[in-house]
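To start, the structure itself, in structure tokens.
What follows draws every value from the coordinates through simple rules; no lab data is involved. In this text the structure is predicted, and so the values were computed from the model without any measurement. Positions of Cβ are backbone-derived with ideal geometry, glycine not excepted, and every protein chain shown enters the neighbour counts.
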Amino acid sequence: MSHVSPDPEPESTTGLEPGGSVPPGETPPAESSMPQAAVREPGATQRGWGKAPLALILVLVVLFAAFFLVYALVLIH
């Protein structure tokens with residue numbers, strides 16, 4: 001597999017001064033995109049939340065809400 005550099009060749013790119021700088025008023029050459037996309041590995045997909053962390057968060061939210069409900073009822077009486 002050969003690798004193609006995404007950078008322009010300074011010798012063959014018009015509008016560049018020696019050393020690769022761009023003269024005033026000249027638009028620099030655009031970068032090219034990557035020649036190849038990244039390879040996706042099988043099994044590397046995300047599966048979402050596990051059941052245990054989701055259940056723990058739900059229990060904490062219910063306890064938090066119950067605490068403030070009891071606190072509000074105590075303040076009323």
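Just a few scattered comments:
- Simple label model, 7 Å out from Cα along Cβ direction - Leu63 to Val22, nm: 5.8
- Inter-label distance, Tyr71 to Ala55: 2.8 nm, where each label sits 7 Å from its Cα along the C-beta direction.
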